[in-house]
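In what follows, a single structure is set out as structure tokens and then discussed.
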Amino acid sequence: VEMREDYNRRKDVIYQGMKKLGFDVLEPKGGFYMFPDVSQHFGKTSSSGREIKSSGDFALALLEEEYVGTNPGKPFGSDDHIRMCFVEPVDRLEEACQRIERFLGKLK
């Protein structure tokens, strides 16, 4: 029961963080993954000059610029989404949300 509550808290941190940042995302009812829609950022350019044309571009730029690892959604059925895992401790997930917010703030 304690472990289930811990993972539920982790899920809540990422879910609320993604909603706060304006992502369209469904709240997971099981598993350890979330699939926020990143397509609203397609056509933008990252601070390093990477044009965001797909979930793969978004995921790669986020990794290179803010060291937040996600997966492109295309292999999971939608190139509009990224796949995020929330098995890290809460403090790391909160930091990831802050890094994603910083990354989004630099998109042009």
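The values are calculated or read from the model by the stated rules, or taken from the named source; none is laboratory data. The structure presented is a predicted model; accordingly, all values stated were derived computationally and were not measured. Every residue, glycine as well, gets a Cβ built from its backbone with ideal geometry; the counts of neighbours run over all protein chains shown. With ligands, DNA and RNA removed, areas are computed over all heavy atoms of the protein, side chains included. Shrake-Rupley method; radii C 1.70, N 1.55, O 1.52, S 1.80 Å.
Overview of values
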quantity	calculated
Surface accessible to a 1.4 Å probe, residue 41 within the full protein complex, Å²	20 Å²
Solvent-accessible surface ranking, highest first, for 106, 20 at 1.4 angstrom	20, 106
Sum of -39500 (n - 2.57) over DSSP H runs of 4+, divided by residues of the chain (222 nm, nearest 500)	-14500 deg cm²/dmol
Between helix 2-20 and the chain: long-axis angle, C-alpha atoms, 0 to 90°, nearest 10	30 degrees
Correct option for Rg and Dmax of the Cα atoms in Å [calculated from the coordinates] among (i) 16.2, 55; (ii) 13.4, 46; (iii) 12.3, 32	(ii)
Whole-number percent relative contact order across region 39-98, with pairs defined as alpha carbons under 8 Å at least 6 apart	23 percent
Probe 1.4 Å, protein heavy atoms only - accessible area per residue of the chain in square angstrom	59 Å²
Shape category assigned to region 49-108 from the gyration tensor of Cα positions, a/c cut at 1.5	oblate
The chain: angle of helix 90-106 to the longest principal axis, Cα-based, in degrees nearest 10	20 degrees
Exposure rank, largest accessible area first [80, 57; 1.4 Å]	80, 57
5 angstrom amide H check on residue 38, placed H, neighbours 5+ away	81, 82
Accessible-area value, residue 33, 1.4 Å probe, nucleic acids and ligands omitted, Å²	90 Å²
Lysine pairs meeting the criterion (Cα under 18 Å, 8 or more apart or interchain), as found in region 1-77	6
Dipole moment magnitude, nearest 20 debye, region 32-108 about Cα centre, only Lys, Arg, Asp, Glu C-beta charged	240 debye
65, 51, reordered so the largest accessible area comes first (probe 1.4 Å)	51, 65
Contact order relative to length of the chain, as percent, for alpha carbon pairs under 8 angstrom and 6 or more apart	29 percent
